[in-house]
1. Filter region 1-43 down to the residues that are over 19 Å from the mean Cα position of the chain (by Cα) and among the charged types (D, E, K, R), then identify the one that is least open to solvent (accessible area, probe 1.4 Å).
2. Being on the phi > 0 side of the Ramachandran plot and either basic (Lys, Arg) or assigned to a loop (DSSP other than H, G, I, E, B) (or both), is that true of even one residue in region 92-107?
3. Would you confirm, using the coordinates I've provided, whether Glu152 is open to solvent by 40 Å² or more (accessible area, probe 1.4 Å), within 20 Å of the chain's Cα centre (by Cα) and more than 19 Å from Thr2 (Cβ to Cβ)?
4. Can you find, within region 70-89, the residue that is most open to solvent (accessible area, probe 1.4 Å) among those that are closer than 18 Å to Asn12 by Cα and in contact with a helix residue (DSSP H, G or I) (Cβ under 7 Å, 6 or more places away or on another chain)?
5. Just need a number here: residues in region 44-59 that are of a type outside the set (Phe, Trp, Tyr), open to solvent by 30 Å² or more (accessible area, probe 1.4 Å) and within 22 Å of Gln8 (Cβ to Cβ).
6. Mind checking whether some residue in region 70-79 is under 18 Å from Val28 (Cβ atoms) and aromatic (Phe, Trp, Tyr)?
7. So, in region 30-75, how many residues would count as being touching a Ser or Thr at 6+ places or on another chain (Cβ under 6 Å), in a strand (DSSP E or B) and charged (D, E, K, R)?
8. Just one of (1) within 14 Å of the chain's Cα centre (by Cα); (2) open to solvent by less than 30 Å² (accessible area, probe 1.4 Å) trips up Ala95, so point out which.
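The values are calculated or read from the model by the stated rules, or taken from the named source; none is laboratory data. Here the structure is a predicted model, which means the values were calculated and not measured. Glycine also receives a Cβ, built like all others from the backbone with ideal geometry; neighbour counts cover every protein chain displayed. For accessibility, only protein heavy atoms count, side chains too; no ligands or nucleic acids. Shrake-Rupley method; radii C 1.70, N 1.55, O 1.52, S 1.80 Å.
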Amino acid sequence: MTNWFVIQTQPNQEFRAQSHLRRQGYDVWLPCIQKIRRHARRVENVQRPLFPGYMFVRMDIEEQPWRAINGTFGVRNLLCQNNKPQTIAHGFIDALRSRAAEDGCTIPVDDGMREGDNVRIAQGPFEDCIGTILKIADRDRIMLMLQILGREVRAIVSRHEVVSANT
């Protein structure tokens, strides 16, 4: 019976590990996100791992030589418990794959928030404060302009901590 397992990779070696494991015949999946990279006056869209340092492999540990994974270029180790690879919950990978395009990159969820919108902070030290979105950064961060004690204050909060001010 095939199950999904987690592989820990060496730093910044996810794509190398993926390539070598596929050549060995393993069914691997490396979920990615699209990021914009700015360097030396160039702007490029690049793929980056969704979970840096980790990827997934599907195999039958009774039939396939799973210990060979640990000796693969780019791989640090296969996560194990009691000297056996630790399986992932069945629905986890399916849920991730349902949010991914054919190239393996996750499709961001559009929650309707845009720069200039008014939002209310739903949790944390600024709970119930109303702010205006100045910038939506990557990694689910939002820069807000808040009115606190008669002054305008910039704050960076998690996208999950805010809701539309109209709700």
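1. Asp27
2. Yes, there is a match, as at least one residue in region 92-107 is on the phi > 0 side of the Ramachandran plot and either basic (Lys, Arg) or assigned to a loop (DSSP other than H, G, I, E, B) (or both).
3. No.
4. If we take residues in region 70-89 being closer than 18 Å to Asn12 by Cα and in contact with a helix residue (DSSP H, G or I) (Cβ under 7 Å, 6 or more places away or on another chain), then Phe73 is most open to solvent (accessible area, probe 1.4 Å).
5. Going through region 44-59 one residue at a time, the tally reaches 5.
6. So far as region 70-79 goes, yes, one or more of its residues are under 18 Å from Val28 (Cβ atoms) and aromatic (Phe, Trp, Tyr).
7. Number satisfying all stated conditions: 1.
8. All conditions pass for Ala95, except number (2).
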